[in-house]
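First the structure, in the form of structure tokens, and then the observations on it.
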Amino acid sequence: MIKNGEEQPNFAREYLERLAASVGNNRDSNGLGNMNLGRFTVGSVGAINGDDGQEVADFVPTVHELKQLAVYWCEERIAHDFDWCVYQATGSSEWRWSAYIGRRLNRLSEILGDQAMEEVWKKSIASYRRRYPKVTDEDWHIFTTGTEEEQERWRNEILGELK
């Protein structure tokens, strides 16, 4: 923007340029990079924009391995969404993780197809439920199909128990 004959800083453009420059070669991490703000780093998630987020072209997974990977990402989606449902709070790292989970699941779905992903989701839900036995059938029902009022009442009960 030019004002009084001088170009003014475009903070949005600079922000997006810094994000783009911070991203590695993992195409699913595009736009999810971290950035330094003075002495602080915002949005650093090692599995997305750190060394652990780099793709490894020398290893090509089998279909079986991709299905196992899909189970992992489905479980991550469930855990992320369950936490959101309970706490109704997020930050820059959680936002990046949510976007990244969606991108990974979308690519896996394109590769594996709808039928395989239906089976993956069933396995993921069963696995999640086994790992968290304190999540009752009623909790699961409210999380997955509850009305806003039911979820709010449930959330207040859970958060009250944590105090």
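The values are calculated or read from the model by the stated rules, or taken from the named source; none is laboratory data. Source: prediction; values computed, not measured. Neighbour counts are summed over all protein chains in view; Cβ atoms, including those assigned to glycine, are modelled from backbone coordinates with ideal geometry.
If Ile48 passes every condition in (1) within 22 Å of Tyr132 (Cβ to Cβ); (2) assigned to a helix (DSSP H, G or I) but one, which one does it miss?
(1)
Which ones in region 32-41 are part of a loop (DSSP other than H, G, I, E, B) and surrounded by 11 or more Cβ atoms within 10 Å (Cβ to Cβ)?
Result: Leu32, Gly33, Asn34.
Filter region 123-163 down to the residues that are among the polar types (S, T, N, Q), assigned to a helix (DSSP H, G or I) and farther than 17 Å from Glu75 by Cα and list them by number.
Listed by number, the residues that qualify are Thr145, Gln151, Asn156.
Test Ser44 against the criterion of being over 30 Å from Glu119 (Cα atoms), surrounded by 10 or more Cβ atoms within 10 Å (Cβ to Cβ) and modelled with pLDDT of 60 or more, and give yes or no.
The answer is yes for Ser44.
Criterion first (within 25 Å of Ala116 (Cβ to Cβ), modelled with pLDDT of 65 or more and not assigned by TED's automatic domain parsing to the domain that holds Glu118) does Asp28 satisfy it?
Yes.
Scanning for something buried (at least 16 other Cβ atoms within 10 Å of the Cβ), of a type in the set (Phe, Trp, Tyr), more than 9 Å from the chain's Cα centre (by Cα) and part of a helix (DSSP H, G or I), does region 87-95 turn up at least one residue?
For region 87-95, residues buried (at least 16 other Cβ atoms within 10 Å of the Cβ), of a type in the set (Phe, Trp, Tyr), more than 9 Å from the chain's Cα centre (by Cα) and part of a helix (DSSP H, G or I): absent.
Given Val71, Val60, Val120, which one is in a loop (DSSP other than H, G, I, E, B) and within 19 Å of Asp28 (Cβ to Cβ)?
Testing whether each residue is in a loop (DSSP other than H, G, I, E, B) and within 19 Å of Asp28 (Cβ to Cβ) leaves just Val60.
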